[in-house]
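The values are calculated or read from the model by the stated rules, or taken from the named source; none is laboratory data. Keep in mind that what you see is a predicted model, and the values were worked out from it rather than measured. FYI the Cβ positions are ideal-geometry reconstructions off the backbone, even for glycines, and counts take in every protein chain you see. Side chains are part of the model used for accessible areas, which takes the heavy atoms of the whole protein and leaves out ligands, DNA and RNA. Shrake-Rupley method; radii C 1.70, N 1.55, O 1.52, S 1.80 Å.
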Amino acid sequence: MALTPDQIERWERDGFLVIPDAIAPERCAELRDRAREIVDAFDPATVSIFSTHEQTRTSDEHFLSSGDAITCFFEEEAFGPDGELAAPKELAINKIGHAMHDLDPVFDRFSRQAPIADAARSIGLGDALLLQSMYIFKQPRIGGEVTCHQDSTFLFTDPMSVVGFWVAIEDATLDNGCLWAHPGGHRGPLRKRFVRDERDGTRFEELDPTPFPSPGGPDLVPLEAAAGTLVLLHGLLPHWSDVNRSDRSRHAFTVHVIDRAARYPEENWLRRGPDLPLRGWGATT
Ligand code: FE2
């Protein structure tokens, strides 16, 4: 269903839009089951710890080659001091990324379902390319913080066009690490870009010194979201999520899309091989 004029107005004003009950419970359950199957089949021998802290992400081949693959990443706190996995595999995975929407039929259907595609059309992204998908577990007790950031840092286009479509697969609350966002913050500058360097490692390129709003400060508002809620996030919107110290997981799915007409620079970390071209909302576009 298309967004209402009021929803579009709020989206333009805030840089995010929360749409409760957008996604049917059975679709969420189906995606959760499929994510569980992918984790069950995953061999943890090739390990990557995912974090937005700079030092752990740089030059990680496991991460850099995941743009056209289905890859599991571990929580930072999933390992004991001896480097051994301290929790069962299914409670230790931070996320699955980054091309399930093109490689897995269940994720493909979920990513391109009408409530998401219709919302995209309503905000001018009818002719978009689906660039990146993630299934985020935010595990009980060890679910990691995602530091305040803008998605355009990681998925840059010229002109900037990235929008994230985030779906609560389980209830996201203050206790289990819901999203927090800075209303209107999408009108601020892009702070930095995450780019590949010449040695095929990565680095952050500083663009603007404007600080991010502080977690716990007055500028960030919590986006508590019951399962089935769809949240649209502008690529320039500063957002943050806390650690999950509760005993409940906080599963979520995101698909990030870009305008087909925008330039996608070579130096972005996410790359697709020639065998897997980006696709739009329709199966054949
Ligand atoms: Fe993000």
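Summary of values
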| item | result |
| --- | --- |
| Of all residues making up the stretch 255-270, the number that are in a strand (DSSP E or B) and either of a type in the set (A, V, I, L, M) or out of contact with any Ser or Thr (no Cβ under 7 Å at 6 or more places or on another chain) (or both) | 5 |
| Matching residues, the stretch 118-132, being in a helix (DSSP H, G or I) and in contact with a Ser or Thr (Cβ under 9 Å, 6 or more places away or on another chain) | 122 |
| Conditions (1) over 20 Å from residue 143 (Cβ atoms); (2) in contact with a strand residue (DSSP E or B) (Cβ under 7 Å, 6 or more places away or on another chain); (3) modelled with pLDDT of 75 or more; (4) open to solvent by 70 Å² or more (accessible area, probe 1.4 Å): number failed by residue 59 | (3) |
| Residues satisfying the stated conditions in the stretch 1-34, i.e. within 20 Å of the chain's Cα centre (by Cα), surrounded by fewer than 19 Cβ atoms within 10 Å (Cβ to Cβ) and acidic (Asp, Glu) | 21, 30, 33 |
| Matching residues in the stretch 139-162 - criterion: being open to solvent by less than 10 Å² (accessible area, probe 1.4 Å) and within 13 Å of the ligand (Cβ to nearest atom) | 150, 152, 153, 155, 162 |
| Cross-chain or 6+ apart pairs with Cβ under 7 Å, the stretch 159-174 first and closer than 14 Å to residue 143 by Cβ, then basic (Lys, Arg) and modelled with pLDDT of 95 or more | 169/32; 170/250; 172/250 |
| Residues that are open to solvent by less than 90 Å² (accessible area, probe 1.4 Å) and of a type outside the set (A, V, I, L, M, F, W, C), drawn from the stretch 199-218 | 200, 201, 202, 205, 208, 210, 213, 214, 215, 216, 217 |
| Answer from 251, 256, 234, 239 - the residue that is away from the ligand (no atom under 15 Å from the Cβ) and within 29 Å of residue 65 (Cα to Cα) | 251 |
| Cβ-Cβ under 8 Å pairs, at least 6 apart or on other chains, the stretch 98-110 side open to solvent by 30 Å² or more (accessible area, probe 1.4 Å), far side β-branched (Val, Ile, Thr) | 103/70 |
| Residue 207 of a type in the set (A, V, I, L, M, F, W, C), more than 25 Å from residue 142 (Cα to Cα) and more than 16 Å from the ligand (Cβ to nearest atom) | yes |
